[in-house]
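Below is one structure, written out as structure tokens; the observations come after it.
The values are calculated or read from the model by the stated rules, or taken from the named source; none is laboratory data. Predicted model only: the values in this text are computed from it and were never measured. All Cβ positions, glycine included, derive from the backbone under ideal geometry; neighbour counts span all protein chains shown. To get the accessible areas, we keep the full protein, side chains included, count just its heavy atoms, and leave off ligands, DNA and RNA. Shrake-Rupley method; radii C 1.70, N 1.55, O 1.52, S 1.80 Å.
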Amino acid sequence: MFSRQIHSCEDARRLAKKRLPWMVFDYMDGAAGEGYGEVRNRQVMQDIRLQPSVLINVEHRSLDVRVFDHGAKRPFGVSPMGMCNLSGPGADLMLARLAARENVPLGVSTVASTAMEPLIEAAEGNAWFQLYFSGDGVGTFKLVERAKTAGYDTIILTVDVAEVGRRPRELRHGFTMPFKIGPKQFMDFALHPRWSLTSLFAGKPQMANFDMPGYEFDRTESRAKADWNTLSRLRDMWPGKLVVKGVLDSDDALALKGTGVDAIQVSSHGSRQLDSAPAPILELAKIRAAVGADYPLFYDTGLRSGEDVVKAYAQGANFTFLGRVLQFAIAAGGEEGLQELWNVLRSETSITLAQIGQRSLITEA
Ligand SMILES: Cc1cc2nc3c(=O)[nH]c(=O)nc-3n(C[C@H](O)[C@H](O)[C@H](O)COP(=O)(O)O)c2cc1C
């Protein structure tokens with residue numbers, strides 16, 4: 001019903017805002033602190049200009065790129081996000097099927113609302129497991145073993161959540177996982193009956209990866225003990241590709257490269273962790289200069305159009321990941337809405353390439 005109304009990421013957000021309970025919308029949309037970091041990254045992104053070049057034959061354009069050894073049909077994938085099923089029942093699987101169709105990586109969060117095994121299956125192998133180090137690390141390394149058994153060949157270690165950031169918008173609504181439904185939340189759900197009837201009746205979304213013997217997980221548990229030894233241990237036990245996500249500093253990037261990390265994802269976690277973090281799109285260019293031309297760099301945070309995607313590549317990214325906008329599209333129009341927004345982003349990216357006289361995002365030698 002909401003489909004065919006999505007012509008931009010902002011359309012998806014506006015429709016999601018109408019449909020989702022305030023508590024859920026503010027959890028997804030919210031940012032750390034006052035939200036200044038998010039606004040600033042958007043401003044910086046908007047201020048980056050793309051230089052048009054004329055009279056270049058751009059009739060045949062391709063959005064194909066390579067990510068590690070795989071060909072991806074699109075220059076963007078799905079960033080790992082916890083509790084996606086809050087945007088609608090089956091959202092995780094919708095994202096997995098999208099990853100399979102489009103041959104792009106799906107980030108499967110430690111705190112996903114669907115277990116990692118059905119997700120890699122639905123994604124037809126196009127899934128990377130995202131790891132949060134937590135507590136004393138015992139459960140964390142059990143998850144790594146489990147990901148290996150499930151057939152994952154790429155793991156993403158997220159390092160920008162030493163403590164879960166304070167996001168006042170979700171805190172004001174009493175957002176907790178698992179849900180606690182008091183009078184305030186009850187009222188919120190009652191005023192959003194479409195969501196409540198489908199999502200709550202489908203069963204309250206759960207953190208599905210923790211249904212594992214001997215593992216108690218608390219979303220707000222401190223991740224503060226993770227250090228360079230944790231990374232070395234992970235490197236030693238993980239034979240596949242290792243990506244470190246949430247890096248904003250050139251010295252850190254160089255040290256990670258030196259430790260045998262296969263790729264870095266430059267990100268400020270969608271501005272959800274540290275309000276005062278530098279604008280990641282600017283750090284991307286600096287990190288590219290530090291690590292050299294051939295080292296794989298991925299980017300996420302604040303991508304809201306195909307033009308933004310092209311800008312991230314222009315700043316040195318080899319691949320990009322989309323975050324909350326995909327959840328908004330699902331909230332707005334289910335699987336159709338998701339595909340619709342995806343098509344918008346694909347078309348925007350291709351048209352942008354045409355306008356700037358480029359046929360591809362892969363640098364032509
Ligand atoms: C609702 C939500 C949940 C998220 N959960 C995770 C997570 O579990 N693990 C992780 O590494 N990043 C998580 N992220 C961050 C995303 O992977 C990504 O860095 C961010 O959303 C990109 O910014 P954008 O939303 O502005 O595109 C989450 C983001 C959102 C919006």
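What the table shows:
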item	result
Carbon plus sulfur fraction of accessible area for the chain, probe 1.4 Å, in percent	53 percent
Theoretical FRET efficiency, 1/(1+(r/R0)^6), r = Cβ-Cβ of Q43 and D249, R0 30 Å, to 0.05	0.90
Contour excess over end-to-end distance, with Cα ends at K225 and I362 and 0.36 nm allotted per residue	45.4 nm
Simple Cβ-charge dipole of the chain, Lys/Arg +1 and Asp/Glu -1, about Cα centre, in debye nearest 20	740 debye
Binned Cα-Cα distances of the chain, short to long, each 20 Å bin given as a whole percent	30, 61, 9, 0
MRE, 222 nm, helices only [DSSP H, n ≥ 4, -39500 (n - 2.57), over the chain, to nearest 500]	-12500 deg cm²/dmol
Kirkwood Rh and Cα Rg combined as Rg/Rh, the stretch 88-127	0.92
Nitroxide proxy distance, nm - points 7 Å out along Cα→Cβ at Y36 and L55	4.9 nm
Most mobile listed residue (G139, G333, G203) in the chain, GNM with C-alpha springs under 10 Å	G203
Equivalent ellipsoid semi-axes - Cα gyration tensor, the stretch 273-313, angstrom	18, 15, 8
Three-way shape label, the stretch 14-134, alpha-carbon gyration tensor, a/c 1.5	oblate
Cα-based radius of gyration of the stretch 238-365 once divided by 2.2 N^0.38 Å, which approximates compact folds	1.12
Accessible area, probe 1.4 Å, largest first, for residues W195, W22	W22, W195
Percent of beta bridges antiparallel (DSSP, the chain, rounded to nearest 5)	10 percent
Contact order relative to length of the stretch 18-120, as percent, for alpha carbon pairs under 8 angstrom and 6 or more apart	22 percent
Relative contact order of the chain, pairs being alpha-carbon contacts under 8 Å that are 6 or more residues apart, as %	30 percent
12 Å tail of the calculated P(r), the stretch 118-159, as % of Cα pairs	59 percent
Where S276, S347 fall by accessible area, highest first, once all protein chains stay in place (1.4 Å)	S276, S347
Burial ranking of peptide ranges 175-181, 348-354, 304-310 (average Cβ count within 10 Å, highest at the top)	304-310, 348-354, 175-181
For the stretch 252-307 versus the stretch 39-68, the gap between their alpha-carbon centres in whole angstrom	17 Å
Two-site FRET efficiency, R235 against A289, from Cβ-Cβ distance with R₀ of 25 Å, rounded to 0.05	0.50
Within the stretch 1-132: Cβ-based charge dipole about Cα centre, in debye rounded to nearest 20 (Lys, Arg +1; Asp, Glu -1)	460 debye
L282, L297, ranked by accessible area, largest first (probe 1.4 Å)	L282, L297
Positive-pole candidate from V111, S87, W128, dipole of the stretch 11-140, charges at beta carbon	S87
1.4 Å probe accessible area per residue over the chain, in Å²	43 Å²
Prolate/oblate/rounded label for the stretch 237-276 (Cα gyration tensor, a/c 1.5)	oblate
D_trans [Stokes-Einstein, Kirkwood Rh over alpha-carbon pairs] for the stretch 154-194, 4 °C, 1.567 mPa s, µm² s⁻¹	101 µm²/s
Farthest positive-ward along the chain dipole, Cα basis, beta-carbon charges - from P296, I356, M237	I356
Prolate/oblate/rounded label for the stretch 94-245 (Cα gyration tensor, a/c 1.5)	oblate
Pairs from K142/K257; K245/K286; K142/K311; K17/K142 whose Cα-Cα separation, in the structure shown, is over 27 Å	K142/K311; K17/K142
